[in-house]
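Everything below concerns the one structure shown next.
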Amino acid sequence: MDSLFILGIIALTSLVAYFWGTRGFGLRRERLTQATIEVLECLGLAVVFLVGNLAAGVALTLGLRALTGRFISIYWLNDISVLALSLLQALVLHSWLRRSN
Amino acid sequence: MRSLRWFGLIAFILFVVAAFTPLANLLNVRMAGIADVGPSDAIVVMGRGGADTDGVLTNRSLRRVFRGISLYEGSHAPLLVLSGSADEVRSRMALARGLGVPETAILTVSHAHTTREEAEQLGKLLLPLGRRRILLVADPIDMPRSRALMERGGFVVRPAPTAASGPSNPESRLGLVRDIAIELTAWAYYRLTGAL
């Protein structure tokens, strides 16, 4: 029930945003597909950054364990901030790429 | 850029499936396996999540210790073995004693950093005492790896997982999927390094 509630709210505000965009700001409907594709590219870039950050974190943790003999927990990487920061990295790089093109 | 779009689409689909369908719950139940509660030499409560700075056990740790105490009160084994970090074990022990488990019936293991070390230390503690048949208390997603490590260490394991169905709201399901991914990665790592 909570899933349906959340999805319902998102669908409603998405519809409102669509009408606001097309009627209020004069956005063209044909550009929505291209905008969606760009969002997916950004999301894909975020996945690449997330995998990269996790791989770097694991390699550093295991390397430091081997070099120092001290236990360092891999669970330090188990934090929502890694996901959020990966998304931020992707947004910056995606904007940079678009401007460069 | 085309491959990025596919990554993004797959990520979005996985997010929707993970958050808004019961897939995580089904995986949770499957990983728990079938509980096998019966007469045993000891109840082993694996460490998980530790304790907060004020000494309060985390939700996961609390669920496990309650499960262990409940099994002890059901007379399924004469010994309750509490494992985890030093703070976690201290808090678990205080809770068990507060709920009526006598100190003489409690053993502890508190110097392990990993599940593998935990299994080794439990082996050193219990096997010399002849306590081979154990009721193993762990979360559903942790049960396969914990059980495999304990069996490899020489124990006969009767799984006694904590609640199997898991959460039902999107945020908790996403957390569960994250934990499942971590557990599967740990499993793969242990297989690669020969621990399993």
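The values are calculated or read from the model by the stated rules, or taken from the named source; none is laboratory data. This structure is a prediction, so every number in the text was calculated from the model and none was measured. A quick note on method: Cβ atoms are made from the backbone with ideal geometry, for glycine too, and the neighbour counts reach across all protein chains shown. Accessible surface areas use protein heavy atoms only, side chains included; no ligands, DNA or RNA. Shrake-Rupley method; radii C 1.70, N 1.55, O 1.52, S 1.80 Å.
Given the conditions (1) away from chain B (no Cβ under 11 Å); (2) at pLDDT below 95, report the number of the one that residue A:54 does not fulfil.
Going through the list (1) away from chain B (no Cβ under 11 Å); (2) at pLDDT below 95, residue A:54 breaks only (1).
Hey, among the residues in the stretch A:12-46 that are basic (Lys, Arg) and at pLDDT 90 or above, which one's most open to solvent (accessible area, probe 1.4 Å)?
Step one: of the stretch A:12-46, the residues basic (Lys, Arg) are A:23, A:28-29, A:31.
With at pLDDT 90 or above added as a condition, the list becomes A:23, A:28, A:31.
Values: A:23: 173, A:28: 142, A:31: 147 Å².
This residue is A:23.
Determine whether the stretch B:171-189 contains at least one residue that is open to solvent by 40 Å² or more (accessible area, probe 1.4 Å), more than 15 Å from the chain's Cα centre (by Cα) and among the aromatic types (Phe, Trp, Tyr).
Checked against the condition, which is being open to solvent by 40 Å² or more (accessible area, probe 1.4 Å), more than 15 Å from the chain's Cα centre (by Cα) and among the aromatic types (Phe, Trp, Tyr), the stretch B:171-189 yields at least one hit.
Based on this model, can you work out whether residue A:49 counts as open to solvent by less than 80 Å² (accessible area, probe 1.4 Å), in a loop (DSSP other than H, G, I, E, B), within 14 Å of another protein chain (Cβ to nearest Cβ) and of a type in the set (Phe, Trp, Tyr)? Talk me through it step by step, then tell me what you get.
Numbers: open to solvent by less than 80 Å² (accessible area, probe 1.4 Å): yes; in a loop (DSSP other than H, G, I, E, B): no; within 14 Å of another protein chain (Cβ to nearest Cβ): yes; of a type in the set (Phe, Trp, Tyr): yes.
Criteria not met by residue A:49.
Which condition breaks for residue A:62 when tested against (1) in a helix (DSSP H, G or I); (2) open to solvent by less than 60 Å² (accessible area, probe 1.4 Å); (3) away from chain B (no Cβ under 12 Å)?
Failing condition for residue A:62: (3).
Scan the stretch A:48-61 and give yes if some residue there is hydroxyl-bearing (Ser, Thr, Tyr), free of Cβ contacts under 8 Å to residues at least 60 places away in the same chain, farther than 16 Å from residue B:1 by Cα and in contact with a Pro (Cβ under 8 Å, 6 or more places away or on another chain), otherwise no. Give the steps one after another, and end with the answer.
The initial filter retains those residues of the stretch A:48-61 that are hydroxyl-bearing (Ser, Thr, Tyr), namely A:61.
Next, from what is left, pick out any that are free of Cβ contacts under 8 Å to residues at least 60 places away in the same chain: A:61.
Narrowing further to those that are farther than 16 Å from residue B:1 by Cα: A:61.
Keeping just the survivors that are in contact with a Pro (Cβ under 8 Å, 6 or more places away or on another chain) gives none.
No, because not a single residue in the stretch A:48-61 is hydroxyl-bearing (Ser, Thr, Tyr), free of Cβ contacts under 8 Å to residues at least 60 places away in the same chain, farther than 16 Å from residue B:1 by Cα and in contact with a Pro (Cβ under 8 Å, 6 or more places away or on another chain).
Could you tell me whether residue A:70 is farther than 30 Å from residue A:21 by Cβ, within 11 Å of chain B (Cβ to nearest Cβ) and outside any helix (DSSP H, G or I)? Can you show your working first?
Details: farther than 30 Å from residue A:21 by Cβ: yes; within 11 Å of chain B (Cβ to nearest Cβ): yes; outside any helix (DSSP H, G or I): yes.
Yes.
Within the stretch B:32-44, does at least one residue satisfy the condition of being in contact (Cβ under 8 Å) with a residue 60 or more places away in the chain and either within 11 Å of another protein chain (Cβ to nearest Cβ) or among the acidic types (Asp, Glu) (or both)?
Yes: one or more hits.
What single numbered condition from (1) hydroxyl-bearing (Ser, Thr, Tyr); (2) more than 10 Å from every other protein chain (Cβ to nearest Cβ); (3) part of a helix (DSSP H, G or I) fails to hold for residue B:3?
So the condition that residue B:3 fails would be (2).
Using the structure shown, decide if residue B:19 is at the interface with another protein chain (Cβ under 10 Å from one of its Cβ atoms), over 16 Å from residue A:39 (Cα atoms) and touching a residue at least 12 places away in the same chain (Cβ under 8 Å).
Values: at the interface with another protein chain (Cβ under 10 Å from one of its Cβ atoms): yes; over 16 Å from residue A:39 (Cα atoms): yes; touching a residue at least 12 places away in the same chain (Cβ under 8 Å): yes.
Judged against the criteria, residue B:19 is a match.
I'm trying to understand the selection: among the residues of the stretch A:65-96, which are modelled with pLDDT of 90 or more, hydrophobic (A, V, I, L, M, F, W, C) and open to solvent by less than 70 Å² (accessible area, probe 1.4 Å)?
Passing the criteria: A:82, A:84, A:90, A:93.
Are there any pairs with C-beta distances below 7 angstrom linking a residue in the stretch A:1-23 that is within 20 Å of residue B:169 (Cα to Cα) to a residue that is in a loop (DSSP other than H, G, I, E, B), with the two at least 6 apart or on different chains, and if so which?
Note: pairs meeting the criteria are A:2/B:169.
Can you tell me which residues in the stretch B:43-74 are farther than 18 Å from residue B:103 by Cα and assigned to a loop (DSSP other than H, G, I, E, B)?
So the first thing to find is which residues in the stretch B:43-74 are farther than 18 Å from residue B:103 by Cα, and the list is B:46-64.
Hits for the stretch B:43-74 are B:46, B:47, B:48, B:49, B:50, B:52, B:53, B:54, B:55, B:56, B:58.
If you scan the stretch B:137-196, which residues turn out to be among the charged types (D, E, K, R) and under 20 Å from residue B:49 (Cβ atoms)? Spell out how you get there, then give the answer.
Pass one, the stretch B:137-196, residues among the charged types (D, E, K, R): B:139, B:142, B:145, B:147, B:151-152, B:158, B:171, B:173, B:178-179, B:183, B:191.
Hits for the stretch B:137-196 are B:139, B:142, B:145, B:147, B:171, B:173, B:178, B:179, B:183.
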